[in-house]
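Below you'll find the structure, written out as structure tokens, and then a few comments.
The values are calculated or read from the model by the stated rules, or taken from the named source; none is laboratory data. Since this is a predicted model, take the numbers as computed values, not measurements. Note that we place each Cβ from the backbone using ideal geometry, even for glycine, and neighbour counts take in every protein chain shown. The protein model used for the area step is the full one, side chains on, heavy atoms only, and it has no ligands, DNA or RNA in it. Shrake-Rupley method; radii C 1.70, N 1.55, O 1.52, S 1.80 Å.
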Amino acid sequence: MRRDQIALQLYTVREHTARDMPATLRHLAEIGYTAVEFAGYGGLSAQDVHTILDDLGLRASGAHVPLDSWQTNPEGVISDMHALGCAHAIIPIIPPERRGEESVPRLANSFNRWGGLCRSEGVTLSYHNHAFEFAPLGETTMWDTLLRETNPELVHLELDLYWVRYGGVDPDSALRDLGDRVSLVHLKDMAPDEQRSDLPVGEGTMPWPELLRAADDAGAEWYVAEQDNPRDAFEDVRTSLQHLRGLSEG
């Protein structure tokens, strides 16, 4: 992992982006981030956000785009990616009502269709996991169904290593099994408490040197720090960046 491959998922600072996206991006640049992954645009247009990024010397590593946006206007999603100068569009979650045995294969077909549209426009489509994908689904799991039913050339993965481990799977093995299908990885640490709470990178039990080597071997393009439940969002993302820089190759 190089330092120029480190980004921040803005969901971590969502309360701040909701109030003032430009000021939040400015503060993240001051902390030292050079790239961010979007989860909404703070009420701004993608083009306006791109202008702010350029002014601050930031890049858009990727963007989480809800499933309903893909279903209603996939061409608009891709247009936003072009406006942002962003090569990675990510489906962040499958809603509960779409997680059944019959619906998941149908959804995988939609992923393939959107992935083909993205590829034709120079954008990579990825799916971001949580832990529920690894739970039993009939005689298999949602994860195995998605991997089996999607075309690896069209549908890539943003592997959230914390949630992989939370779901009972070894993240190092998952990275090595999936290989170059992993375009991006999400990085948050796991507390040793009973709840296995999420923490800034470097403050928990995740074996980062081994995991980062496996992600390097898989050819991951971006290493994205994230927390779902930060204690102090700006201080936590500062901590994650400091630890990731210490683990980077410069």
S110: passes all of (1) small (G, A, S); (2) open to solvent by less than 50 Å² (accessible area, probe 1.4 Å); (3) assigned to a loop (DSSP other than H, G, I, E, B) but (3)
Note on S183: of the conditions (1) open to solvent by less than 10 Å² (accessible area, probe 1.4 Å); (2) touching a helix residue (DSSP H, G or I) at 6+ places or on another chain (Cβ under 7 Å), unmet is (2)
Residue count, region 87-107, condition over 20 Å from W70 (Cα atoms) and open to solvent by less than 10 Å² (accessible area, probe 1.4 Å), comes to 0
Every listed condition ((1) of a type in the set (S, T, N, Q); (2) closer than 20 Å to L184 by Cα; (3) out of contact with any helix residue (DSSP H, G or I) (no Cβ under 7 Å at 6 or more places or on another chain)) holds for T150 save (3)
Reported set for region 131-141 where residues are within 19 Å of the chain's Cα centre (by Cα) and open to solvent by 40 Å² or more (accessible area, probe 1.4 Å) is F132
Just one listed residue, out of S61, S69, is surrounded by fewer than 21 Cβ atoms within 10 Å (Cβ to Cβ), under 25 Å from C118 (Cα atoms) and modelled with pLDDT of 95 or more, and it is S69
Of D177, D144, D160, the only residue that is under 29 Å from G122 (Cβ atoms), open to solvent by 40 Å² or more (accessible area, probe 1.4 Å) and among the acidic types (D, E) is D177
Per the filter on region 1-38, residues among the acidic types (D, E), touching a residue at least 60 places away in the same chain (Cβ under 8 Å) and closer than 23 Å to D217 by Cα are E37
In region 217-244, residues that are open to solvent by 60 Å² or more (accessible area, probe 1.4 Å) and more than 24 Å from T17 (Cα to Cα) total 2
